[in-house]
Amino acid sequence: MKTPDETRLDGQIERVVFRNEENGYAVLRVKVRGHKDFVTVVGTAASVNPGEWVAADGEWITDAHYGPQFKAEGMRVSQPDTLDGIKKFLGSGMIRGIGKEYAERLVATFGRDVFDVIENSSAKLQKVEGIGPTRRASIRAAWEEQKGIREIMSFLFSHGVSTARAFRIYKTYGERAIEFIQRDPYCLARDIRGIGFLIADGIAQTLGIAKDSELRARAGLEYVLQEMTNQGHCAAPRGDLQSKTVEMLEIPPGQVAGALDHLIENKRLIQDEDQQGRTLIYLPKLYFAEWNFAKKLTELNYGKHPCPGIDFAKALDWVQKKTGIELSEHQVKALRLAVQAKVMVVTGGPGVGKTTLVNSIIQVLRAKKLTVSLCAPTGRAAKRLAETTGMEAKTIHRLLKFNPGTGGFIHDDRNPLKGDVFIIDEASMIDQVLAYQLLQAVPQRAAVIFVGDADQLPSVGPGRVLRDVIASKVVPSINLTEIFRQAAESRIVTGAHRINHGQLPEFPEEGDKSSDLYFVEGEEPQKTLGIIQKMVSESIPKRLGFNPLDDIQILTPMQKGELGARNLNQVMQALLNPNGNQIERFGIIFREGDRVMQTENDYDKEVFNGDLGRIVTIDEVQGEMVVKIDDRRVKYEFRELDELVHAYAVTIHKSQGSEYPCVIIPMHTQHYVLLQRSLLYTAVTRAKKFAVLVGTKKAMGLAVSRAESRERVTTLKERLQSNR
């Protein structure tokens, strides 16, 4: 029989050697009475910090590599009660505003009472040198926040759930988080990114919610519909939604149908019929976004253009002399429309003169003293628009201005934007909700010009707004098709147009170094990966002078697989940025110098989904990382790093609206599910100077032959036509 000394261990945590944020597994160095050296303790815990007291039950084992260690089956962690422990705990970076220096001062001033002072008498903190009202308030707020997060972590952990998202839960629900979760654990799946239905369902079961409960059926329906909108659909056919939910929940169809009727009656979901007689189910925000966008576009289309009377022949002659460029027949037609039509669309592929046309339109409108506002969906697209026009261009989010108080935008139908003409570039990227939010903020008297390439991939978010507007024919649309002579010399341009017509690009003969578009054969994924590594680190920089970190972008069809973004990013980080100050969070090693991408809209930081940056500094004491995005330095707390991923390689979807000097595009049959014409077309058109396709001709052939392989469920086109 084992003695208590063999199965129990108590001591002070000296150092946290390793902790996995996802599952709570930790390796600790612990000071234990009766042991001359620190003891290694391994096990899982909701939260651990240096200085804390740990009590563990388990057994001693001998690891082949690390020797004797205590393997804990259960760990209980409590606040330190020794002065040394308190110093370590406060100086661990767990509480923002207190590093090692201030931890020393606080303990020297208040001793063991320091925790009580922070929590109940924080005004006394100002007795400590260097702590004024601002730092005191910051320490007090950080303490409260940390306390709330630790309570949530303990609650989740007791229900067998990882605690990595505890900060997000606290940010969303505040002090009432546990109360909300106990009442409806499925709120986690609805509200917290990174917590899916399965995790919430697991918590629900430990809380005693039955498998066939009405609450579970409703939550399952909402989750399945949300997943379908994540694939780009604005609605789901009722039968599809019900059958997918029945399959996932494993409960009778009648119960799911009843739950769906309840959600519709309570307006949590909306049911409507389309012109084909299909019964469709919508999330309310998408239903009203479609409906209100169609209504506002129709209203804007009526009325007088803000441009005063104009002698078009004179204006055309003037702008052609001013720019030194003679416009094509289609460009002239579009320019004429731009001073007459309240709403219009300009579309076309690369090299057809969209930029030249937009510049000519701006020149004419500004000469008539009109205020022209330029915007685009992403920071990179807005920056490029500003560079090509010489005018200020904003992202749609920055134009509308986020209102933290309401969670909406400052500019809307009650507080419209100021301006006469709004030019919206890269319009193919705009999803249904953002399109509605933008349009409702446009003043009724203003004109709107959508500019984009309708053949590119549709938006990442739900809808296919640009294509539906064009297809509805309710507003005039000009499709520029003539490739200009200089652009026609580029194989990137001609290759993109061939892809768009269902043909493979024409690649140069072997040994021809004059082209800007190449194909390199790589039958096996492993071989293709090796080719890409050599291209990025050696051949392309050597031949063309591109900087591997700043100029070369890998664009891949999907996240998973050997040639998916996740694996490519790990390989490229090891190749291009192998050493340096680093931290691991959410299963990713972030290193100073890494290329990273924002994966969600963060209005507080004014950074948005798809924004690219470079890690400048990682500060372990403050628990912060600074990322340079465009010309700004943006701070991230370590617990917010699930907003970032590496960006040495990004998915083609995420590259929309961006241009890069050089792109490398893996095309392999392991990407079979996603291979389609618009995907390859979008990838190739991201390259400004040089593009290489690496993989198999078979994969490229599949891609160019599959047009519209993934149709989206939207009803915008028919709503526009019925409003006519």
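The values are calculated or read from the model by the stated rules, or taken from the named source; none is laboratory data. In this text, all values refer to a predicted model and were calculated from it rather than measured experimentally. Note that we place each Cβ from the backbone using ideal geometry, even for glycine, and neighbour counts take in every protein chain shown. Side chains are part of the model used for accessible areas, which takes the heavy atoms of the whole protein and leaves out ligands, DNA and RNA. Shrake-Rupley method; radii C 1.70, N 1.55, O 1.52, S 1.80 Å.
Figures for the structure shown
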{"item": "Using a Förster distance of 60 Å, the FRET efficiency for D10-T279 (Cβ separation, nearest 0.05)", "result": "0.40"}
{"item": "Computed FRET value (nearest 0.05) for D184 with E523, which takes r as the C-beta separation and R₀ as 41 Å", "result": "0.20"}
{"item": "FRET efficiency for Y25 and K295, using Cβ-Cβ distance with R0 set to 45 Å, rounded to 0.05", "result": "0.25"}
{"item": "Set of lysines with alpha-carbon distance to K314 below 27 Å, sequence-local pairs under 8 removed", "result": "K304, K322, K333, K342, K354, K368, K369"}
{"item": "Within the accessible area of the range 406-548 (1.4 Å probe), percent carbon and sulfur", "result": "49 percent"}
{"item": "Note, ³J(HN,Hα) from phi for the range 598-614, Karplus 6.51, -1.76, 1.60, rounded to Hz, x at Gly and Pro", "result": "6, 10, 8, 6, 10, 5, 5, 8, 6, 10, 10, 3, x, 5, 9, x, 10"}
{"item": "Structure-based [θ]222 nm, the chain - -39500 (n - 2.57) summed over DSSP H runs of at least 4, per residue, nearest 500", "result": "-11500 deg cm²/dmol"}
{"item": "Gain on full stretching of the segment that runs from E659 to K368 - 0.36 nm per residue minus C-alpha separation", "result": "101.5 nm"}
{"item": "Listed residue (N23, I98, I86) projecting farthest to the positive dipole end of the range 23-108, Cβ model", "result": "I98"}
{"item": "Rounded to 10°, Cα long-axis angle of helix 100-110 versus longest principal axis of the chain", "result": "50 degrees"}
{"item": "Rounded to 10°, Cα long-axis angle of helix 329-338 versus longest principal axis of the chain", "result": "70 degrees"}
{"item": "Among beta bridges that DSSP assigns inside the chain, antiparallel share in %, nearest 5", "result": "60 percent"}
{"item": "L83 paired with F288, simple spin-label distance in nm, labels 7 Å along Cα-to-beta-carbon", "result": "6.1 nm"}
{"item": "Angle between the chain longest axis and helix 197-206 axis [Cα atoms, degrees, rounded to 10]", "result": "30 degrees"}
{"item": "Segment T172-I209, length gained on full extension (0.36 nm per residue, minus Cα span)", "result": "11.0 nm"}
{"item": "Centre separation in Å (Cα based) which lies between the range 273-328 and the range 77-139", "result": "59 Å"}
{"item": "Estimated inter-spin distance, R76 and K513, nm [label 7 Å along Cα→Cβ]", "result": "7.3 nm"}
{"item": "Candidate lysines - alpha carbon under 18 Å from K244, same-chain residues fewer than 8 apart omitted", "result": "K211"}
{"item": "Carbon and sulfur %, accessible surface of the range 235-303 computed with the full protein complex present, 1.4 Å", "result": "51 percent"}
{"item": "Relative contact order of the range 70-148, pairs being alpha-carbon contacts under 8 Å that are 6 or more residues apart, as %", "result": "26 percent"}
{"item": "Overall form of the range 499-596 per C-alpha gyration tensor (a/c, 1.5; a/b vs b/c)", "result": "prolate"}
{"item": "Options [x] 1.09; [y] 0.95; [z] 1.77 - which one matches Cα Rg over 2.2 N^0.38 Å as calculated here", "result": "[x]"}
{"item": "Accessible area per residue, Å², the chain with all protein chains present, probe 1.4 Å", "result": "45 Å²"}
{"item": "Dipole magnitude of the chain about its Cα centre (Cβ charges: Lys, Arg +1; Asp, Glu -1), debye to nearest 20", "result": "2000 debye"}
